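Below you'll find the structure, written out as C-alpha cells, and then a few comments.
The values are calculated or read from the model by the stated rules, or taken from the named source; none is laboratory data. This one's a predicted model, so the numbers in the text were calculated from it and none came from an experiment. Cβ: placed from backbone, ideal geometry, glycine included. Neighbour counts: every protein chain shown. Just so you know, the surface numbers come from the protein's heavy atoms only, side chains and all, with ligands and any DNA or RNA stripped out. Shrake-Rupley method; radii C 1.70, N 1.55, O 1.52, S 1.80 Å.
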Amino acid sequence: MVSPTNFLLQTFLWLALAATAFSLSPNFYHNVCPQALPAIKRVVEAAVHKERRMGASLLRLHFHDCFVNGCDGSLLLDSTSSFETEKNARGNLNSVRGFEVVDQIKAEVDRVCGRPVVSCADILAVAARDSVVALGGPTWKVRLGRRDSTTASRKLADNVLPSASMDLPALINNFKNQGLNKRDLVALSGGHTIGLSQCVIFRNRIYNATNSDTAFAKERRATCPRTGGNTNLAPFDPTPASFDTAYFKNLVKERGLLTSDQALFSGGSTNKLVETYSRNPDAFWVDFGKSMIRMGNIKPLTGKQGQIRVNCRKMN
C-alpha cells in the first residue's frame, strides 16, 4: 500500500511534470519546425519596411487578442452562425488592422514547416516582438506553445478592452483583472511610442481636457476638427515609426494624445515610473519585454486544448 506521504509526493511530481509539459517555452518549435521563427521575422520585416505603421498594428493585435479570454488567436476569427467576431467590438471596429499580414505569415510558416504546426496565437506573439525590433525597439524571448481557440466573443471584448477615455483607477483595475500590475500598465502603454490614432478617439481630449499642453492641443486640432474627419490620423508622439521614449517625454509635458495616455502622468501613483522611463530608455526596454512576456502568458490554451488552425480567420 502506498503511504500518504509517497502518494502526495507522486501527485506533486505528476502535477509538476504536467505543468512543464503544457507550459509555454521559447524553444517550443526548435525540434518541430526550427524554420518557423525566421519565417515569421522575414514576413514581418518586409511588411514593416513597406509600411512602418504596420509594426504598431501587429503589436496591437497581440494586445487586443490577449485581453479577451487570453492569448488564443480569437481576435482573428471572422463571424460565424455561432458567434460575432471580436473585430466588431468597440475597441476594434474600423481600428485593428494587419490581418492580411497575419495571413501572409501563416502561409509562409506552414510552407516552410510543411504543415500547420504553428498556432495563429503564437504567430501574433512573435510578430509583435519582431515588429518592435524592426522599429528599433528591444527584443525578448517569446514563450511559445499556445493553441488557437474555436470561438470568439464580441461581448467580452466590449467589456474588457481598455478604453481611450479611462482614468488611472479604471486603467489599473482593467489591467489588474488580467493579472497585470501598475508597472505592466505603464510599460505596455509605452507601446504607443509607435503608431497613430484616429481623430474620433482623441477629439474629446484636445478640445475639452484641462491637463493638455495648449500648443499641442492647437496642433492636433489642425487635423482633427470638432465635426468630421473622424478617421484623420495623428501620431502618439513625434517619432511614430521609432520605438523610443518620446511617448513618455510627451506625457511629462502634458502632450499625451489619449485621455488614457495622459492619465499615466496626472499626479497619480504612476507618475514616478513615467518620469523614470522618460529619462532611462534601458529601464523602459527591460520592463517592456518583461511585461510583454507576462501579457503573453494570459490564459493560453496548451496541450490538447483548442487547435492549430489551418486558416487563422476560421476554425478547422
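In the chain, Cα pairs under 8 Å separated by at least six residues give a relative contact order of 25 percent.
In the context of the full set of protein chains, residues of region 40-166 present 39 Å² of accessible surface per residue (probe radius 1.4 Å, heavy atoms only).
Straight-line cross-link reach from LYS249 at under 16 Å between alpha-carbon atoms covers these aspartates and glutamates, not counting any fewer than eight positions away in the same chain: ASP213, ASP237, ASP261, GLU275, ASP282. In this structure the amide hydrogen of SER197, modeled in the peptide plane, comes within under 5 Å of the amide hydrogens of ALA234, PHE236, none closer than 5 places in sequence on its chain. Listed by chain and number, the lysines whose C-alpha is less than 18 Å from the C-alpha of LYS290, apart from same-chain residues fewer than 8 away, are LYS141, LYS176, LYS182, LYS299. Apply the a/c threshold of 1.5 to the C-alpha gyration tensor of region 168-294 and tell me whether it is rounded, prolate or oblate. Because a/c hits 1.5 or more and a/b exceeds b/c, region 168-294 counts as prolate. Within a straight-line Cα-Cα reach of under 16 Å, LYS314 can be paired with the following lysines, leaving aside sequence neighbours fewer than 8 residues apart in one chain: LYS87, LYS106.
Subtracting the Cα-Cα distance of ALA107 and ASN173 from their residue separation scaled by 0.36 nm leaves 19.9 nm.
Over the residues of the chain, the helix contribution to mean residue ellipticity at 222 nm works out to -15000 deg cm²/dmol, using -39500 (n - 2.57) for each DSSP H run of at least 4. Amide hydrogen proximity for LEU144: with H placed 1.01 Å from N in the peptide plane, the residues at 5 or more positions away or on another chain lying under 5 Å are SER25, ASN27, PHE28.
For VAL310, the residues 5 or more places off, or on other chains, whose built amide H falls under 5 Å of its own are ASN316. Coupling constants for region 283-288 follow from the phi torsions by the Karplus curve (6.51 cos²θ - 1.76 cosθ + 1.60, θ = phi - 60°), and in residue order they are 4, 5, 4, 4, 5, 4 Hz; glycine and proline get x. Using a cutoff of 8 angstrom between alpha carbon atoms and counting only pairs six or more residues apart, the relative contact order for region 168-294 works out to 31 percent.
The share of accessible area on region 168-294 that comes from carbon and sulfur is 51 percent, using a 1.4 angstrom probe. The structure shown yields semi-axes √(5λ) of the Cα gyration tensor in Å, and of the options (1) 35, 23, 19; (2) 38, 24, 21; (3) 28, 25, 19 that calculated value carries the label (1). Take the Cβ atoms of ASN297 and VAL200, set R0 to 45 Å, and the FRET efficiency comes out at 0.85. Entry note, region 105-206: relative contact order of 16 percent, from Cα contacts under 8 Å with a spacing of 6+ residues.
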